[in-house]
């Protein structure tokens, strides 16, 4: 009789352990999903914070940062002698050059700002972002784009951003786009923020 009771207790314990194990798997998957979703939301918030920094610079200075073909002088947002400048407008690690900054982020490595009319056309090649500049584009608005460049190991995360922002798997169209370079092994992502002052 004692043997039977012990056997039953062992069976009950195994059932309980199986149930707890199943619950932990479900809870673990839900937790992982929640963490991933929170991280995606945090990065999109980060995009918009950079955009707001760009806008604050314009409000303080009265014009956009300096221009070169396709690019703004991103350095102007953290280091400038312009009248009214009240920056730096976001934190950064170092200035790579006047176009690109290395930023304080757990995911991204470098940030820059572009002015392009990419919103109206789908890319066909990796160089299309540098073709559709804001000149001779009558009737086609120009936009400020935030560009990040970082290690290719974040590609799965980029795919999550693509799905969350544009709800598509098309990296060449929409508000969020990206290029996966094999040499060097980096990913550049492009996030359309707002209309640029640079227009025809």
Next on the checklist: Based on this model, can you work out whether residue 113 counts as at pLDDT 85 or above, surrounded by 20 or more Cβ atoms within 10 Å (Cβ to Cβ) and closer than 19 Å to residue 36 by Cα?
Outcome noted: no
Checklist outcome for this item: Scanning the range 55-64 residue by residue, the ones that are touching a helix residue (DSSP H, G or I) at 6+ places or on another chain (Cβ under 7 Å) and either modelled with pLDDT of 90 or more or more than 27 Å from residue 165 (Cα to Cα) (or both) total 1
Checklist outcome for this item: The number of residues in the range 58-69 that are surrounded by fewer than 19 Cβ atoms within 10 Å (Cβ to Cβ) and in a loop (DSSP other than H, G, I, E, B) is 4
Next on the checklist: Looking only at the range 135-148, filter to residues that are farther than 14 Å from residue 186 by Cβ and at pLDDT 65 or above; which one of those is surrounded by the most Cβ atoms within 10 Å (Cβ to Cβ)?
Outcome noted: 145
Checklist entry - Would the range 82-100 turn up any residue that is closer than 19 Å to residue 193 by Cβ, exposed (fewer than 14 other Cβ atoms within 10 Å of the Cβ) and at pLDDT below 80? => result no
Next on the checklist: Please determine whether any residue of the range 149-165 is at pLDDT 80 or above and part of a loop (DSSP other than H, G, I, E, B).
Outcome noted: no
Checklist entry - Just one of the numbered conditions (1) modelled with pLDDT under 85; (2) more than 30 Å from residue 164 (Cα to Cα); (3) surrounded by 15 or more Cβ atoms within 10 Å (Cβ to Cβ) is not true of residue 108; which one? => result (2)
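The values are calculated or read from the model by the stated rules, or taken from the named source; none is laboratory data. Everything numeric here is computed off the predicted structure, so don't read it as measured data. Heads up, the Cβs are rebuilt from the backbone with ideal geometry, glycines too, and the neighbour counts pull from every protein chain shown.
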